[in-house]
Amino acid sequence: MYVDPAAGSLVIQVLIAGVLAATTMVKTARHSVIRIVRGWFGRKDQ
Amino acid sequence: MVRAQGPVIAEVVGGSFRDPSGFVFTSNGTLYRQVNRVFAQEYDACVSSGLYDDLVANDLLVAHRDAGVALAAAPDAHVVIEPARVPFISYPYEWSFGQLKDAALLTLDIQERALSRGFVLRDASAYNVQFRDGRPLFIDTLSFERHQDGRPWKAYKQFCEHFLAPLVLMSVRDARCGRLQREYLDGIPLDLTSALLPRRSWAKLSVLLHVHLHARAMRRYESKSVAEVTGSRSVSTRAVIGLVSSLRDAVQAQTWEPAGTEWVGYTSDHNYSDQAVNAKRSLVRDFVTAAKPATVWDLGGNTGMFSRVAREVAESVVCFDIDPAAVEVNYREVRRKGETGLLPLQLDLMNPSPAIGWAHEERLSLEERGPVDLVMALALVHHLAIANNIPLARVADFFARLGRSLVIEFVPKSDSQVKRLLTNRADIFPDYTIEGFERAFERRWSIETKQRVGDSERTLYLMRRRQA
């Protein structure tokens with residue numbers, strides 16, 4: 001269904017976009033590190 | 001329901017007529033969804049991307065088959081699909097805390113999978129989710145569109161108002177706040193949520209951002225142009241993924257433990273001996289077996305002990321209870337054991353779910369979702385007749401509108417539970433006797449079988465609705 005997004009709801013996303021993107025990068029990097037470390041110890045990747 | 005203009009005689013299902021991209025309709029008892037030409041490109045792109053197959057294969061989205069455009073119920077049809085039917089349509093204001101939380105997490109799961117394939121949920125309504133076999137299932141096949149990098153998520157507000165706001169209110173304030181969803185069909189407004197939450201909720205980063213600051217931004221920029229405020233700045237796909245991840249953390253952080261309410265300890269505290277419980281269970285099994293129902297509504301079913309007995313016979317049992325804690329306990333049991341065909345829901349029989357939304361047609365009343373083969377009303381009548389002053393004849397009438405057979409328990413005044421109800425009030429119920437009960441019910445029902453329950457003073461009946 002088409003929803004009314006509300007201007008403020010879009011604006012707040014633009015305002016915090018940088019922080020959100022950075023958070024995603026950190027999480028992705030953390031997952032990569034965990035995967036690599038698990039690989040070292042021979043554990044199967046979940 | 002609204003009759004569609006087209007070659008096929010069809011009834012448009014309420015709740016779907018606000019979407020120009022398509023609608024749901026029934027024809028000869030079968031449920032279909034028409035996709036309109038205006039949405040053809042988005043729909044085809046989504047199907048060919050593999051997103052539908054991925055979501056269906058993972059039991060996240062309702063499966064469908066192509067039914068052929070000849071079945072279209074209105075002009076401008078692109079395709080007509082036949083989605084698998086959900087046994088009982090329920091609404092967020094009937095769900096327990098855990099059900100709403102699982103529905104929220106399902107919506108975020110789907111959004112993440114959609115983003116990974118270049119799509120996005122164009123709406124995030126809680127009404128897009130139904131429960132089947134104890135698990136939430138997304139039912140709106142037309143909720144996806146291609147995501148354009150740089151665009152914010154336009155359903156962010158809707159997700160917060162439909163899911164996060166009621167969850168936070170229930171978790172932080174009171175589980176009964178979930179009932180606000182019945183008043184606010186498009187989600188609990190964030191400014192109201194913000195006003196109802198305690199000051200300490202500002203200390204939680206996710207609530208601060210998605211509720212309090214979100215509400216203030218909506219007020220501040222209410223009539224502003226987004227382009228003028230934000231200039232050339234955009235929201236990268238990575239930021240949208242971050243937003244979804246942040247919402248997931250916010251939803252996960254909301255908790256509620258069902259304890260301390262009136263009914264949740266009822267099954268263990270009631271005045272039945274173990275022997276009487278076993279006798280009642282066995283009687284209920286015999287009566288339900290005799291009624292041979294496919295569908296059952298267990299009214300006042302508490303945490304579902306007798307719903308599970310009914311489920312041994314029936315394909316689909318809905319267990320209603322007024323107590324959010326009992327419904328939550330029941331739902332957790334269903335999830336833990338992977339039970340199928342049993343749906344716990346919240347319902348106040350004194351104020352059952354009405355027909356609401358535009359023209360009273362968007363959300364069905366309880367009665368409109370029936371009748372079922374069998375209604376069960378165990379240890380319930382005294383609450384309606386004595387605690388709430390409903391004349392027994394009216395109880396008989398309403399149950400006759402809900403089901404074709406009835407398994408009902410009469411609890412006499414000599415029973416300790418009824419004595420408790422009469423402790424601080426005058427006994428103004430001279431007709432509340434077993435004879436008065438039978439007299440009131442025999443107007444609408446024929447008594448097939450009746451039997452005393454074990455060593456209790458209670459009597460269990462199997463009744464069939466009389467032809468009107």
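Residues that are without any contact (Cβ under 8 Å) to a residue 40 or more places away in the chain and small (G, A, S) do occur in region B:380-401.
Against the list (1) closer than 16 Å to B:V251 by Cβ; (2) away from every other protein chain (no Cβ under 12 Å), the condition B:H210 fails is (2). Among the residues of region B:236-257, those identified as more than 10 Å from chain A (Cβ to nearest Cβ) and modelled with pLDDT of 95 or more are B:L247, B:R248, B:A250, B:V251, B:Q252, B:A253, B:Q254, B:T255, B:W256. Residue pairs whose Cβ atoms lie under 9 Å apart, sitting 6 or more positions apart in sequence or on different chains, and linking a residue in region B:91-111 that is outside any helix (DSSP H, G or I) to a partner that is among the acidic types (D, E) and surrounded by fewer than 24 Cβ atoms within 10 Å (Cβ to Cβ), are B:W95/B:D102.
Quick check on B:Q111: is it of a type in the set (S, T, N, Q) and crowded, with 20+ Cβ neighbours inside 10 Å?
yes
Filtering region B:18-45 to residues that are touching a Phe, Trp or Tyr at 6+ places or on another chain (Cβ under 9 Å) and of a type in the set (G, A, S) leaves B:S21, B:G22, B:A45.
Taking B:R33, is it among the basic types (K, R) and assigned to a strand (DSSP E or B)?
Answer is yes for this residue.
Determine which member of the set B:R85, B:R122, B:R132 is charged (D, E, K, R) and surrounded by fewer than 19 Cβ atoms within 10 Å (Cβ to Cβ). Only one candidate qualifies: B:R85. Of all residues in region B:26-42, those that are within 12 Å of B:A73 (Cα to Cα) have Cβ atoms under 8 Å from Cβ atoms of residues that are among the charged types (D, E, K, R) and at pLDDT below 95, 6 or more apart or on another chain, in B:T26/B:E11; B:S27/B:E11; B:L31/B:R85; B:N36/B:D76. When B:R336, B:R332 are screened for being over 17 Å from B:V395 (Cα atoms) and in contact with a Gly (Cβ under 8 Å, 6 or more places away or on another chain), only B:R332 passes.
Suppose the filter is touching a Leu at 6+ places or on another chain (Cβ under 9 Å) and either modelled with pLDDT under 95 or of a type in the set (D, E, K, R) (or both); does B:R233 pass it? Yes.
Going through (1) within 31 Å of the chain's Cα centre (by Cα); (2) surrounded by 14 or more Cβ atoms within 10 Å (Cβ to Cβ); (3) among the charged types (D, E, K, R) one by one, B:E448 falls short only on (1).
Evaluating B:D149 against the criteria (1) exposed (fewer than 15 other Cβ atoms within 10 Å of the Cβ); (2) without any contact (Cβ under 8 Å) to a residue 60 or more places away in the chain leaves one unmet condition, (2).
What do you reckon, is B:T107 under 21 Å from the mean Cα position of the chain (by Cα) and either among the hydroxyl-bearing types (S, T, Y) or within 20 Å of B:R132 (Cα to Cα) (or both)? Considered against the rule, which asks whether it is under 21 Å from the mean Cα position of the chain (by Cα) and either among the hydroxyl-bearing types (S, T, Y) or within 20 Å of B:R132 (Cα to Cα) (or both), B:T107 comes out as yes. Just one of (1) out of contact with any strand residue (DSSP E or B) (no Cβ under 8 Å at 6 or more places or on another chain); (2) crowded, with 23+ Cβ neighbours inside 10 Å fails for B:L205. It is (2). Taken over region B:153-187, residues that are within 14 Å of another protein chain (Cβ to nearest Cβ) and in a loop (DSSP other than H, G, I, E, B) amount to 6.
Would you check which residues across region B:220-237 are free of Cβ contacts under 8 Å to residues at least 40 places away in the same chain and touching a Gly at 6+ places or on another chain (Cβ under 7 Å) and list them? Correct list: B:R220, B:Y221, B:E222. The residue pairs whose first member lies in region A:10-39 and is within 12 Å of chain B (Cβ to nearest Cβ), whose second member is of a type in the set (K, R), and whose beta carbons are closer than 8 Å, counting only pairs six or more residues apart or on different chains, are A:L10/B:K154; A:V11/B:K224; A:V14/B:R233; A:A17/B:R233; A:L20/B:R238; A:A21/B:R238; A:T24/B:R238; A:M25/B:R238.
Which one is surrounded by the most Cβ atoms within 10 Å (Cβ to Cβ), of the residues in region B:1-53 that are modelled with pLDDT of 90 or more and aromatic (F, W, Y)? By that ranking, first place goes to B:F25. So for region B:367-376 (the condition being in a loop (DSSP other than H, G, I, E, B), touching a strand residue (DSSP E or B) at 6+ places or on another chain (Cβ under 6 Å) and touching a residue at least 60 places away in the same chain (Cβ under 8 Å)), does at least one residue qualify? No, the conditions are met nowhere in region B:367-376. Does region B:130-149 include one or more residues that are within 14 Å of chain A (Cβ to nearest Cβ), part of a helix (DSSP H, G or I), more than 25 Å from B:W358 (Cα to Cα) and at pLDDT 95 or above? Within region B:130-149, none of the residues are within 14 Å of chain A (Cβ to nearest Cβ), part of a helix (DSSP H, G or I), more than 25 Å from B:W358 (Cα to Cα) and at pLDDT 95 or above. Examine region B:338-358 for a residue that is assigned to a helix (DSSP H, G or I), surrounded by fewer than 24 Cβ atoms within 10 Å (Cβ to Cβ) and modelled with pLDDT of 95 or more, and state whether such a residue exists. Scanning region B:338-358, I find no residue that is assigned to a helix (DSSP H, G or I), surrounded by fewer than 24 Cβ atoms within 10 Å (Cβ to Cβ) and modelled with pLDDT of 95 or more, so the answer is no. Looking at B:D133, is it among the acidic types (D, E), at positive phi and touching a Gly at 6+ places or on another chain (Cβ under 9 Å)? Criteria met by B:D133. Looking across B:R420, B:R335, B:R439, B:R401, one residue alone is in contact with an Asp or Glu (Cβ under 7 Å, 6 or more places away or on another chain) and either part of a helix (DSSP H, G or I) or among the acidic types (D, E) (or both). It is B:R401. Going through B:A70, B:A74 one at a time, which residue ends up being part of a helix (DSSP H, G or I) and farther than 30 Å from B:V317 by Cβ? So the residue among B:A70, B:A74 that is part of a helix (DSSP H, G or I) and farther than 30 Å from B:V317 by Cβ is B:A70.
The values are calculated or read from the model by the stated rules, or taken from the named source; none is laboratory data. Keep in mind that this is a model prediction, so the values were computed, not measured. Quick reminder, even Gly has a Cβ in these numbers, built from the backbone with ideal geometry, and neighbours come from all protein chains shown.
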